[in-house]
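Q: Below is a structure I'd like to ask you about.
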Amino acid sequence: MSATTHGKTPYYFVPGPSRHPAMAAFGLFWVILGAGQWINGHDWGAWSLLFGLLWWAFVLKQWFGDAIHESEGGLYSDRIDASFRWSMGWFIFSEVMFFAAFFGALFWSRGYTVPTLGSLDNSLLWPNFQGVWPSASPGATGSPAGTVEPFQVMGPWPIPTINTALLLTSGVTLTVAHHALIASHRARAIAFMWITVLLGLTFLGFQAYEYVHAYHELNLKLTSGVYGSTFFMLTGFHGFHVFVGMLMLLFITLRLMKGHFTPDRHFGFEGAAWYWHFVDVVWLGLYIIIYWF
Amino acid sequence: MSAVLDHPTGHVDDHHDDHHAPTGWRRWVFATNHKDIGTLYLLFSFTMLMIGGILALCIRAELFQPGLQFFNPEQFNQFTTMHGLIMVFGAIMPAFVGFANWMIPLQIGASDMAFARMNNFSFWLMIPAALMLVGSFFMPGGAPAAGWTLYAPLTLQMGPSMDAGIFAMHILGASSIMGSINIIVTILNMRAPGMTLMKMPMFAWTWLITAYLLIAVMPVLAGAITMTLTDRHFGTSFFTPAGGGDPVMYQHIFWFFGHPEVYIMILPAFGIISQIVPAFARKRLFGYASMVYATASIAILSFIVWAHHMFATGMPVTGQLFFMYATMLIAVPTGVKIFNWLATMWRGSMTFETPMLWAVGFIFVFTMGGFTGLICAVAPIDIQIQDTYYVVAHFHYVLVAGSLYALFAGVYYWGPKWTGVMYSETRGKIHFWGSLIFFNVTFFPMHFLGLAGMPRRYADYPMQFADFNMLASIGAFGFGLMQVYFFVFVVIPMMRGKGAKAPQKPWEAAEGLEWEVPSPAPFHTFENPPKLDVTATRIVS
Amino acid sequence: MTMMNSDVHPLVRRCSQLAMTAAVALASQSALAVNDLPGGPAVNQLNLHPAVTKIAHEQAWLHNMMLVICLLIFVAVFGVMFYSIFKHRKSKGAVAANFHESVKVEIAWTVVPFIIVILMALPATKVVVAMKDTTNADLTIKATGYQWKWGYEYIKGEGDGIHFVSTLDASQRALSDSGKPGDVDNYLLKVDNPLVVPVNKKVRVITTAEDVIHSWMVPAFGVKQDAIPGFVRDTWFKAEQEGDYYGQCVELCGKEHAYMPIHVKVLSQQAYSAWVAEEQKKAAAKADDPSKVWALDELMARGEKVYTTNCAVCHRPDGKGAGQFPALDGSKLVLSETHADQIHVLLNGRNQMPAWKAILNDTEIAAVATYTKNSWSNKTGQVVQPAEVVAERAK
Ligand code: HEA
Ligand code: HEA
Ligand code: CUA
Ligand SMILES: [Cu+2]
């Protein structure tokens, strides 16, 4: 708890040998082996995947446990704190680039592929295809070969808008919690953290509902041509990131309840908050680009 | 799970006998020490170089004569693909990360990498990935055979090994990203007091910029192959026109990664050369600041040139012109680097120990590869040589004579620091001259083949190409033998500690903090930040 | 023996002669007996193919210009380096100077290369623009890449309506497998039906593909254009000389990538017109009447031809298949009494098997189905009539 007692905090902190990294890599071996086999129709792959994931989660728990122990044990100096900040920043940058690939795919498909497929030159191959992006024109199929079943596009109303409100609110509650922590109102911080986590969960619930709706009522599926592909890929990966962010916030909340963090040293909290805000910003992009335009 | 420092109050050179240092296999598997992890990286990458090299020799054996003698075309494509993937992701990139691990903390006066456990994780992630990649040969249908660029829609036709390959690449990407974050944070946050950014050794600088490139583009590759995966199995149509997708979109996304990737493989090489040339010219690096700016310019330009790999896909005129101009511009900052090295040598007092030989060899042969790159960049010429052996020649000149040569230079230069023994000069020179000659015998004729129109990724070719192919194959086996020689007569003795004991600073005029610690570098160094002189190259007190 | 085209720069020639001597010393007897292939590669050719279009000339010119400039820079830069290496070495008593910066020279060697690069890009720009101008073509041909053959369709201009498939000569494919191809001048370049075009006419080639990306290249024309499934792209050439010109598929397209050559025959205008007339006559004769009822042996004879040109590559001539390509000999699907399933696969493809409906007509599909049902150990005696294929197509 006394992470600020600089007297015994080392200038650098170098952890001793640790079995976690190799063990975590071992788990991931079964993950990729299993995933690769499973999607090729070998059912045992699912078990390998499950085993790998559980193993990995277990190792991560221990690993983070160590790190938290060190942090609370006052081994992390300001310098280490700065390292964490840098690393979280760069990690988020890498996530931005990951989403950039899918946004790029969306822009390319909308702005180039579909119009070109419907262009005069291409009428040699797809004589009857009209190159209109589905969301711009309801009912258009976006599939030159006519192999895609008709589907309806997902509009911004009501779920995505509600979800936007949820996420924006969660950003606010998270900030409130942060200020409360800084002002040493721990109980209030915890309360607002729980609200934030719940908002995240609700978002995920709505998102799941939206997918069910898409599949059953709109006939909008992964197989719905490039519209369906980009729609589910972007919202799906975003949803997954919300899930991860929500888990982060949950663990931070639990740690808060255990009495971790101090008003002036709580990078674990801040890192999770950065991540949550990043997820928020991605959503705003999605909301505007996918649902509105 | 000791969370305590081994020597909280240690002093630079008083713990040759580190009683806390773990021993046996645990030392390596549980490693959190940047030097041990660096060694692991280097050994791993050398193993992959061997595997990738053996695949290359299979290619060359098949191409020794026209007609199919050893392999069927399907196997041939697998070899080509896996050779490219293994060399790029298994041999060259991890080797540079190994160098970064070993040298960056030493060069900037840090006790270790910023995140020691994550550092080991980055390494161990590569093991499952490599197992998957190499193991894919034994899967039904054999290894992926769509070329290292994994173009859709050919990837959609591949067997189950393609998925193994995709997942392996995901893991390798994660490893690279974590490794890069570690390196960036180490450099930005762990420098000893007085080691300002603009006093930092060039190798650290080039890695700082490389790590930035890696973080920016590895996720993009992950995105591209994830789309391939969902197209293969979940019915999406990113790359299938029947559903409104576009195979060429894959190429754009891939090359947005792919072009920066090739600079990822050369910038650290530039860094190594920038350390070695001044040391053996006995003269400070010329134009330090412009070196930094040139490196940064190359990195920035690398993001806007990707479609020079796609001139034959049929881009609009404006696209071709833009990418042609932008690509040609890269010659300018690269030229600055070459000229700076020459100016460093100019009026120096040079000696030519093995590291310097490799460095000079690098400058000479890499520049040839750079020029052929520039020729490829001219779109109308590229229409003739795209996807021919001319391109194969180009990129082996920059990758083998560039990246690999720099790695060899670095091994000879820093090897004594790592192992505490000197290599044998004679053997180093044999390795250098043998490699130089055989390299050119292998790859120079490929320029002719390419100009004459021999396509790449061909298992068999018209008769008229026979002689040059035979020559190239002979060269390839010679080059391979030189690497066996290197392994048996240089690497193994060094690892066994056989040879003259290396002094703390084997090179008279080498500068930098790595030469301020004993050879071999003790397990722990700089546990307390050293006090540096004004040039940040020496420790005072 | 060596093809030294007149564009080659003397310096290149010098170097190449050196390389040649080495190559010749190493070359095996058999390789030496091969001759240059006019319009295709020459033995140990060192530079681009002799150009027969304006664009190819310009490309060759650009290449030689680049080569000369790069060589000059190379000689200058490394002249300096080697001078320094020989003069400024410690063993010669050189003492290190200690300059390590000079803004002036650094600016100079940034600006000068910049200017050189611009000078290189200027003429290239002109060629790019010319290269991309596919308007006002006299003849438009669509080239479709299939795994692993080229389909050609004349869609505009003299001869429109002509269409055929161009495949590597089956005996050459077999030679490749044998591992000892011997001295064949047009090894891997001989096709059954070359593309035929008139001389001095602007020909626009529209490329597309059926399955994966292929790329259509003819070096002598300075043309290379990827063929992308689902999209059309175009390029053009105007051949200035009659003759035979060769190229190959240059985008990795699967296992037979090395075996889908391109052969373009450039004819005089009269000869071209005669060829068109001949083709149209043949087409009329060949147009099979799908309602005709065939006898088993007629269909077998026809089916064997279809099989060897189209199927044997993957399923092997003995019908035993290989690797991922299933055996037809003894296959349940082939032996089945219900013909519809097999016809369905033939028409629409399955996994690696391409769809043949656009390439083969009803009679050909019926013939090849009949052939597989009655060859090797398959002795069903069943006959598949074109009408059945018509019915299956209609589904
Ligand atoms: C280490 C890796 C590396 C490096 C450094 C480079 C460097 C360069 N590359 Fe290369 N390249 C590859 C690896 C690399 N490349 C690979 C792997 C491929 C093939 C991928 C595949 O398809 O599988 C490829 C393919 C490739 C192509 C596509 C070819 C094709 O498929 O048709 C092109 C086209 O523009 C190109 C251009 C260049 C240029 C202009 C540079 C420049 O950076 C070079 C700059 C250097 C110099 C020019 C020399 C030094 C300069 C001077 C001495 C100054 C004075 C000079 C002048 C004024 C001219 N490269
Ligand atoms: C990144 C670095 C890298 C390196 C170091 C190399 C190294 C070599 N490569 Fe390269 N290569 C690529 C990257 C690299 N390559 C890429 C990206 C491609 C494109 C792939 C694609 O098209 O998709 C390619 C493609 C490629 C081709 C074209 C294949 C084709 O188009 O079909 C060829 C053909 O000759 C080739 C040859 C070689 C050779 C002979 C070496 C040699 O330098 C290798 C030398 C090393 C050894 C030989 C190993 C050491 C020796 C032993 C282990 C003992 C056994 C040896 C003996 C007994 C002699 N490579
Ligand atoms: Cu078709 Cu390669
Ligand atoms: Cu590139």
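Q: Distance from the Cα centre of region C:244-299 to that of region B:432-495, in angstrom?
A: Between the Cα centres of region C:244-299 and region B:432-495 lies a distance of 40 Å.
Q: Here's a follow-up. For chain A, what does the equivalent ellipsoid look like in terms of its semi-axes, each the square root of 5 times an eigenvalue of the Cα gyration tensor, given largest first in whole Å?
A: Working through the eigenvalues yields semi-axes of 43, 24, 17 Å.
Q: Classify region C:139-286: rounded, prolate or oblate, from the alpha-carbon gyration tensor (a ≥ b ≥ c, eigenvalue square roots; a/c under 1.5 rounded; otherwise prolate if a/b is larger than b/c)?
A: Verdict is prolate for region C:139-286.
Q: Let me ask something else. Between C:Glu240 and C:Asn193, what is the spin-label point distance in nm, taking each point 7 Å from the Cα along the Cα→C-beta axis?
A: Spacing of the two 7 Å Cα→Cβ label points: 3.2 nm.
Q: Can you tell me the relative contact order of chain A? Whole percent, Cα pairs under 8 Å, sequence separation 6 or more.
A: Computed over chain A, the figure is 17 percent.
Q: Okay, moving on. In peptide C:123-134, what is the residue-averaged number of other protein chain Cβ atoms found within 10 Å of each Cβ? Write down the numbers at each step before the final one.
A: Details: counts 2, 11, 8, 1, 5, 10, 4, 2, 6, 9, 1, 0.
Taking all residues of C:123-134 together, the mean is 5.
Q: Okay, next question. Rounded to whole Å, give me the distance from the Cα center of region B:46-95 to that of region A:64-96.
A: Between the Cα centre of region B:46-95 and that of region A:64-96, the gap is 41 Å.
Q: Here's a follow-up. Which residue, C:Asn193, C:Thr110, C:Val129, has the largest displacement toward the positive end of the dipole of region C:80-217 when charges sit on each Cβ (Lys, Arg +1; Asp, Glu -1)?
A: Among C:Asn193, C:Thr110, C:Val129, the one farthest towards the positive end of the dipole of region C:80-217 is C:Thr110.
Q: Along the Cα→Cβ direction, 7 angstrom out, place labels at B:Met495 and A:Ala191. What is the inter-label distance in nm?
A: The modelled label-to-label distance comes out at 6.3 nm.
Q: How large is the charge dipole for chain A, taken about the Cα centre, if only the Cβ atoms of Lys, Arg (+1) and Asp, Glu (-1) carry charge, to the nearest 20 debye?
A: 580
Q: Peptide B:251-259: average number of partner chain Cβ atoms within 10 Å per residue?
A: Taking the mean over all residues of the peptide, I get 2.
Q: For the residue pair A:Val96 and A:Val244, what label-to-label distance in nm results when each label sits 7 Å from Cα along the Cα-to-beta-carbon direction?
A: Going from the A:Val96 label point to the A:Val244 one covers 1.6 nm.
Q: Straight-line reach only, C-alpha to C-alpha below 17 angstrom: list the aspartates and glutamates that B:Lys337 could link to, leaving out same-chain residues fewer than 8 apart.
A: Correct list for B:Lys337: C:Glu101, C:Glu106.
Q: Between 0 and 90 degrees, rounded to the nearest ten: what's the tilt of helix B:331-345 against the longest Cα principal axis of chain B?
A: In chain B, helix B:331-345 runs at an angle near 40 degrees to the longest axis.
Q: Can you compute the FRET efficiency between C:Lys292 and B:Thr47 using 1/(1 + (r/R0)^6), with r the Cβ-Cβ distance and R0 = 56 Å? Round to the nearest 0.05. Provide the component values of the computation, followed by the final result.
A: Numbers: r = 65 Å, r/R0 = 1.16.
Efficiency computed from Cβ-Cβ geometry: 0.30.
Q: If you roll a 1.4 Å probe over the heavy atoms of the protein chains, what accessible area per residue do you get for region C:139-286, in Å²?
A: 32
Q: Quick check on the protein assembly as shown: take the gyration tensor over C-alpha atoms, sort the square-rooted eigenvalues as a ≥ b ≥ c, and tell me if it's rounded (a/c under 1.5), prolate or oblate. All intermediate terms of the calculation are to be shown ahead of the outcome.
A: Details: a/c = 1.95, a/b = 1.29, b/c = 1.51.
It is oblate, given that a/c is not under 1.5 and a/b is not larger than b/c.
Q: From the cross-link list C:Lys149/C:Lys201; C:Lys238/C:Lys281; C:Lys149/C:Lys202; B:Lys35/B:Lys505, which pairs have alpha carbons spaced over 20 Å apart?
A: C:Lys149/C:Lys201; C:Lys238/C:Lys281; C:Lys149/C:Lys202
Q: Per residue of the protein assembly as shown, what 222 nm ellipticity follows from adding -39500 (n - 2.57) for every DSSP H run with n ≥ 4, rounded to the nearest 500?
A: Only helices count here, giving -18500 deg cm²/dmol.
Q: In whole percent, what relative contact order does region C:296-394 give with Cα contacts below 8 Å and a gap of six or more residues? Show your work: numbers first, answer last.
A: Values: 133 pairs, mean separation 32.0, N = 99.
Relative contact order of region C:296-394: 32 percent.
Q: Further question: For region B:159-292, taking Cα atoms only, what is the radius of gyration to one decimal and the Dmax to the nearest whole Å?
A: 19.6, 64
Q: Taking trypsin sites (Lys or Arg not before Pro) as candidate sites, keep only those in a DSSP loop with at most 16 other Cβ atoms within 10 Å, then name the longest stretch of chain B containing none of them.
A: After excluding every exposed loop site, the longest remaining stretch is B:1-497.
Q: Under unit Cβ charges (Lys, Arg +1; Asp, Glu -1), what dipole magnitude, rounded to 20 debye, does the protein assembly as shown have relative to its Cα centre? Intermediate results must be reported in sequence, preceding the final value.
A: Details: 75 positive and 78 negative charges, 536 e Å.
I would put it at about 2580 debye.
Q: State, as an integer percentage, the relative contact order of chain C based on alpha-carbon contacts under 8 Å between residues 6 or more apart.
A: 13
Q: Using the Cα centre of region C:267-395 as the reference point, and only Cβ charges (+1 on K/R, -1 on D/E), how large is the resulting charge dipole? Debye, rounded to the nearest 20.
A: It comes to approximately 240 debye.
Q: As a test of the definition: with a 1.4 Å probe, what buried accessible area, both sides summed, do you compute for C against B, in Å² to the nearest 100?
A: When C and B are taken together, about 8800 Å² of accessible area is lost.
Q: May I pose another question? Taking the Cβ of C:Thr207 as the centre, find all other residues whose Cβ is under 11 Å away and add up their charges (Lys, Arg: +1; Asp, Glu: -1).
A: Net charge around C:Thr207: +1.
Q: Now for a separate question. Could you tell me the center-to-center distance, by alpha carbons, between region A:165-184 and region B:235-264 in angstrom?
A: 40
Q: Same structure, new question: Extension gain C:Ala130-C:Arg316, at 0.36 nm per residue separation less the Cα-Cα distance, in nm?
A: 62.4 nm
Q: With the dipole of the protein assembly as shown worked out from charges on the C-beta (+1 for Lys and Arg, -1 for Asp and Glu) around the Cα centre, which of B:Ile86, B:Ile266, C:Val389 lies farthest toward the positive end?
A: B:Ile266
Q: Any chance you could get the radius of gyration and Dmax over the Cα atoms of chain B, in Å?
A: Computed over the Cα atoms of chain B, radius of gyration and Dmax are 23.0, 72 Å.
Q: Average partner chain C-beta neighbours within 10 Å, per residue of C:258-271?
A: Across C:258-271, the average partner-chain Cβ count within 10 Å equals 1.
Q: Oh, and also: Considering the dipole of the protein assembly as shown built from charges on the beta carbon (Lys and Arg +1, Asp and Glu -1) around the Cα centre, which of B:Phe280, A:Ile289, B:Ile59 is farthest to its positive end?
A: B:Phe280
Q: Related question: Rounded, prolate or oblate: pick one for region C:296-394, where a ≥ b ≥ c are the square roots of the eigenvalues of its C-alpha gyration tensor, a/c under 1.5 means rounded, and failing that, prolate if a/b is larger than b/c, else oblate.
A: Rounded.
Q: Now a separate question. Within chain A, which DSSP H helices have Cα atoms that stretch 20 Å or more along the helix axis and a mean Kyte-Doolittle hydropathy of at least 0.5?
A: Those that clear 20 Å and a mean of 0.5 are A:20-38, A:78-108, A:159-182, A:186-213, A:225-258, A:267-286.
Q: Using a 1.4 angstrom probe and counting only protein chains, how large is the accessible area of C:His49 in Å², to 10?
A: So the heavy atoms of C:His49 present about 10 Å² to solvent.
The values are calculated or read from the model by the stated rules, or taken from the named source; none is laboratory data. If you're wondering where the values come from, they're calculated on a predicted model, not measured in any experiment. Positions of Cβ are backbone-derived with ideal geometry, glycine not excepted, and every protein chain shown enters the neighbour counts. Calculation scope for accessible area: heavy atoms of the full protein, side chains included, ligands and nucleic acids excluded. Shrake-Rupley method; radii C 1.70, N 1.55, O 1.52, S 1.80 Å.
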